[in-house]
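Let me begin by presenting the structure, written as structure tokens, before commenting on it.
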Amino acid sequence: MAEPNAPTEPIIEVRDLHKHYPLTQGVLFRKQVGAVKAVDGVDLDLFPGETLGIVGESGCGKSTLARMLVNLERPTRGTIRYKGEDITKLSGRALRAVRRNIQMVFQDPYTSLNPRMTVGDIIGEPYEIHPEAAPKGERRRRVQELLEVVGLDPEYVNRYPHQFSGGQRQRIGIARGLALRPEVIVADEPVSALDVSVQAQVVNLLDRLQSEFRLSYVFIAHDLSIVRHISDRVGVMYLGRIVEIGGDAEIYDHPTHPYTQALLSAVPVPDPGARAHRERIVLSGDVPSPTAIPSGCRFRTRCWKARERCALEVPELAVPAEFRLAQGPAKHDSACHFAEEKHVVPAPGAQG
Ligand SMILES: Nc1ncnc2c1ncn2[C@@H]1O[C@H](COP(=O)(O)OP(=O)(O)O)[C@@H](O)[C@H]1O
Ligand code: SF4
Ligand SMILES: [Mg+2]
């Protein structure tokens, strides 16, 4: 833990990050006719020991962002600094050293584990790529220890993925992510493919591992309800950009961006009293194609507050003018020209 009020440097700093996939036509003479702007100008910081939740509908660029963070893909433009060093330009040994420290947990434990490998080989695979991390004679013992750490029987090393349930498979994926003792884990929808009843167990496991191993997390989800429990801060992503970001209470209780408000209004509320009093904001249409991002505010084609200015001017991700002099939780970064507070999810038992 950092000392109270001590200024902390981010462990990861992302600036102006872009990933544009070329869109081509023709077979013989392939010609670029456009680009899929999957990630289109992301800025964010991850601080040591924190969990940053990233939320947005499917197709918003979350997985592309995740792959760039762990260096599985190179950005088209922009920088990712890990402890001050831009990792997007690294290669060879320097790149491998950084990769060790930033690991990924994948969304689907059914497809991300090789069915022909034993659990022991899956969890120990990172040691083949980074042999310096564990001497050969010690690897089996380490793998068994990792199984124990994620709540599985160390005797399972010789079993195969199909012998496990979804939740157990995701524990195996997490054990593999921990094998190299990374500092940062990027978890891309780690519980989305699991039964609701198992989701909380896996989230709790990640939570426990974070304090045990002093990890920093980027935790991606398409649903705001899943990340609340584990996130210190939350960034809301829409069509390749972060549109609102702030502390957990700022985003859940004082959202100022219409997209966040719409996502929150769709989160299930267990309390029937509160449910009866809340307004459901229904978004019209689907997320537009990332090959044709709307001008000005990219959310404007679905925003119920859109006005002329929204088509002309790109709103920057910053504290909106109307909150700059204010104090309190509404004062946080929100990329909207007409940002305002709207309490979407009433406090439990509230009458409204
Ligand atoms: N390798 C690729 N080539 C072309 N388009 C891609 C590629 N990977 C992702 N995309 C597109 O980029 C957009 C964002 O995808 P993705 O990052 O998977 O979003 P999310 O994880 O939020 O659902 C989607 O429109 C997707 O089809
Ligand atoms: S800038 Fe305009 S279109 Fe965009 S979110 Fe704000 S009100 Fe809606
Ligand atoms: Mg995804």
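Here is how the numbers come out for the structure above:
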item	result
Hey, ALA339 within 23 Å of ARG233 (Cβ to Cβ) and surrounded by fewer than 15 Cβ atoms within 10 Å (Cβ to Cβ) or not	no
Positions within region 239-278 being hydrophobic (A, V, I, L, M, F, W, C) and either in a helix (DSSP H, G or I) or under 15 Å from SER225 (Cα atoms) (or both), in sequence order	ALA249, ILE251, ALA262, LEU263, LEU264, ALA266, VAL267, VAL269, ALA274, ALA276
Any hit, region 328-345, residues being polar (S, T, N, Q) and either in a loop (DSSP other than H, G, I, E, B) or within 16 Å of ligand 1 (Cβ to nearest atom) (or both)	no
All positions within region 130-143 that are of a type in the set (A, V, I, L, M), over 21 Å from TYR82 (Cα atoms) and in a helix (DSSP H, G or I)	VAL143
Hey, PRO272 surrounded by 15 or more Cβ atoms within 10 Å (Cβ to Cβ) and more than 16 Å from ligand 1 (Cβ to nearest atom) or not	no
Any hit, region 112-128, residues being crowded, with 18+ Cβ neighbours inside 10 Å and within 20 Å of PRO10 (Cα to Cα)	no
Subset tally (residues that are closer than 19 Å to MET68 by Cβ, away from ligand 2 (no atom under 16 Å from the Cβ) and surrounded by 24 or more Cβ atoms within 10 Å (Cβ to Cβ)) for region 208-260	5
Search result, residues across region 150-179 that are β-branched (Val, Ile, Thr), part of a helix (DSSP H, G or I) and within 22 Å of GLU189 (Cβ to Cβ)	ILE172, ILE174
Residue under evaluation PRO290, criteria (1) part of a loop (DSSP other than H, G, I, E, B); (2) out of contact with any Asp or Glu (no Cβ under 6 Å at 6 or more places or on another chain); (3) modelled with pLDDT under 95; (4) not polar (S, T, N, Q), criterion not met	(3)
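The values are calculated or read from the model by the stated rules, or taken from the named source; none is laboratory data. Everything quoted here is computed from the prediction, not taken from an experiment. Heads up, the Cβs are rebuilt from the backbone with ideal geometry, glycines too, and the neighbour counts pull from every protein chain shown.
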